[in-house]
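Structure record follows, encoded as structure tokens.
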Amino acid sequence: MQHVLVALIVLLAVAAVARRYAPPAWRSAFKGFAAKGARKLDWHALAERLEAPPPAVSDCGTGGCSACSGCDLSPKTASSGEFTIVIQRPGRS
């Protein structure tokens, strides 16, 4: 029984790492394969969930978005009690 639990834990760990670091093409292929298997087992809700497109992710606030201009990414002005430090590399102005 102990070997079964250890095998299950290792399997879940491998799945978590693969889900995070696998290339998008591999993840998409696995989702398609899993959806087919779910449909064969009459688990239609799971199959639909696997085949659904991922939700749109907004890059707002990460500096990667320049189209919406909805984020205020301009540097903050120093108010009383605050100061800024600018570090310049030697030999460059």
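Some observations on this one:
- For the stretch 32-55, filtered to residues that are of a type in the set (D, E, K, R) and more than 17 Å from Arg19 (Cα to Cα), the residue that is surrounded by the most Cβ atoms within 10 Å (Cβ to Cβ) is Arg39.
- Of all residue pairs spaced 6 or more apart or on separate chains, those with beta-carbon atoms under 7 Å, a first member in the stretch 39-58 that is among the hydrophobic types (A, V, I, L, M, F, W, C) and a second member that is at pLDDT 80 or above and outside any loop (DSSP other than H, G, I, E, B) are Leu46/Ala38; Ala47/Ala35; Ala47/Ala38; Ala47/Arg39; Leu50/Lys31; Leu50/Ala34; Leu50/Ala35; Leu50/Ala38.
The values are calculated or read from the model by the stated rules, or taken from the named source; none is laboratory data. Please read all numbers here as calculations on a predicted model, not as lab measurements. Note: ideal-geometry Cβ built from the backbone for every residue, glycine included; neighbour counts use all protein chains shown.
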